[in-house]
1. Quick check, is T39 at pLDDT 80 or above, under 20 Å from the mean Cα position of the chain (by Cα), crowded, with 20+ Cβ neighbours inside 10 Å and not in a helix (DSSP H, G or I)?
2. Scanning for something surrounded by fewer than 21 Cβ atoms within 10 Å (Cβ to Cβ), in contact with a Ser or Thr (Cβ under 8 Å, 6 or more places away or on another chain) and either in contact (Cβ under 8 Å) with a residue 40 or more places away in the chain or closer than 20 Å to W244 by Cβ (or both), does region 332-347 turn up at least one residue?
3. For T275, indicate whether it is modelled with pLDDT under 85 and either closer than 23 Å to G408 by Cβ or not in a strand (DSSP E or B) (or both).
4. Would you check if M90 is among the hydrophobic types (A, V, I, L, M, F, W, C) and in a loop (DSSP other than H, G, I, E, B)?
5. K351 is checked against (1) in contact (Cβ under 8 Å) with a residue 60 or more places away in the chain; (2) over 26 Å from P145 (Cα atoms); (3) among the basic types (K, R) and fails just one. What number does that condition carry?
6. Does F47 satisfy being of a type in the set (A, V, I, L, M, F, W, C), out of contact with any Asp or Glu (no Cβ under 7 Å at 6 or more places or on another chain) and over 25 Å from P377 (Cβ atoms)?
7. Among V329, V283, V272, which is over 15 Å from V168 (Cβ atoms), surrounded by fewer than 23 Cβ atoms within 10 Å (Cβ to Cβ) and of a type in the set (V, I, T)?
8. Which pairs turn up if I take residues in region 292-321 that are part of a helix (DSSP H, G or I) and look for partners that are surrounded by fewer than 23 Cβ atoms within 10 Å (Cβ to Cβ) and of a type in the set (D, E) with beta carbon separation below 7 Å, at least 6 apart in sequence or on another chain?
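The values are calculated or read from the model by the stated rules, or taken from the named source; none is laboratory data. Everything numeric here is computed off the predicted structure, so don't read it as measured data. Cβ placement follows ideal geometry from the backbone for every residue including glycine, while neighbour counts extend to all protein chains displayed.
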Amino acid sequence: MPAAPPAMQALRRRELLLSLKNATIEASFSVPMLNLTLTAHPFVLGFAVAALGWGPEAIGWLAAVHHLCNAAQPPVTAWLERRMSLHRIMVWGFVLNALPWALAWTLPWLGAARDAAFILVVVVATLANAVCAVAWSAAMTDLVPLSIRGTYFGRRNAVFGFWTLVVVLTAGYVAERWDNALTAFGIIFAVAAGLRLIGLVFLLRMKFPARVMECRPAAADLATYLAPLRDRDYRWLMLFVGAWGFCLALGQPFYSLYVLRELGFTMRDLTVLSTLASLGGLVSLRSWGPLTDRFGNKPAFLTCAFLWAFTAMLAWLFAGPQRSAHLYVNYFLTGYLFAGFQLCQFNLMLKLVPTERKSHYISVFYAVTSLMTALGPLVGGWALARLPHEFGSLLGQPLLGYHALFAGSLLLCLCTLHLLGPMHEPAQRPVRELVRAMRAMREFNPVLGLSSMAQHVFTPRAIVQLAGTSWRTLRRQTRDVTEVGGDLLEEGWKSVRDPFRKGP
């Protein structure tokens, strides 16, 4: 087949670069909205505790909604793919994810129906996002070249992480300023819906390959959806992610409940903790991308998972009313490692997917892993409601049922690491080579080695060193963030100005 003319190749390259740029800008609006509205993140759980007064079991069910919707989306996705292109599914997913939250401002006037209306909003919006996520992942598999995925998604995640940090911190301040009033939360959720719709504008400006834009009805029988379960490497990846998610979700949704009710933190304090987690991810992502491109995703996956679980277990076990300052460092480190964990999971999911069945594989991946994860908060909420409130004391602080749940959850996470062993990633390198490279990088020196981890949790010197590393990394990223910030303002102004210029 003859090569395309140089002019056509240049045009295609320009379209790709513009699409990748618009994808980053779209995420700068959409991801902050998702951090404010998805029950997998602390803000909505904090709202349910602080404004609605929900208890452990209700919080467990709320946390499970996100995962249950992911588990329920395969038949919806299959039905839509027979009738729509991936691009059209994404567009409708954006709209149906945003509109229910745009109505959240009515919550204060619903009286006894308030809780039921809130659950309806959560379920409809989350299911729409679950279907949209499958279509988006499949479309980005076609759009982003394999050779730059780690670097591109690392940079993209770093940029939208900055805007997420700003938006979530602002939302927490507003909620605290208005004493966690339902009206304040309703306005926050409505603004979040507006951000999602602005993100849709930039999605519509992206150029995708023809197979993303065209409807290609295909027979999606049972064998098609069983294929990922017969794929050995993909099966082990799903098993690990699902088992890890279940073990982590036993305790993670109740971190917010613990800090608000037992430690006396406010909603603004909880938002600061979430912001520190976002900041940790922002600091580390520019390094995770090149590392995964060079050494493979599996070694980084194992490293992030181990350091995350071990560090968090120590931090939560020693937390108490008079010993809570180290939780700020823990959230930063958790975000630091979660960013790498999430990037590796996403890259592996896409890397192991056959081109001709990408949407089916991704749909099954989300369904299986989310179904396993959804059981975690349900079991955790049930256990927390039945555990003794206090077991005794540890180093002068009360030892509560929360501590038993959190420590047990993270210990089980460590036990799941061996499930990733049988999975083979093409061109993966040994973990020891990755660790050796990380030791030579300033960004990772603070979080390597068990002794180093303990120091970062408990000593002021390590905290100062970590702050210095964070500041230097943020300075290096300022140009990228500023560039996209300028694009956000410029493109947003064009969106408002152009219709008036064109006239009726």
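1. yes
2. There is at least one residue in region 332-347 that is surrounded by fewer than 21 Cβ atoms within 10 Å (Cβ to Cβ), in contact with a Ser or Thr (Cβ under 8 Å, 6 or more places away or on another chain) and either in contact (Cβ under 8 Å) with a residue 40 or more places away in the chain or closer than 20 Å to W244 by Cβ (or both).
3. Answer is yes for this residue.
4. no
5. Evaluating K351 over (1) in contact (Cβ under 8 Å) with a residue 60 or more places away in the chain; (2) over 26 Å from P145 (Cα atoms); (3) among the basic types (K, R) leaves (2) as the failure.
6. No.
7. Working: V283 fails: surrounded by fewer than 23 Cβ atoms within 10 Å (Cβ to Cβ); V272 fails: over 15 Å from V168 (Cβ atoms).
Criteria check complete, one pass: V329.
8. Short answer, once both residue conditions are applied: F295/E433; N297/E425; K298/E425.
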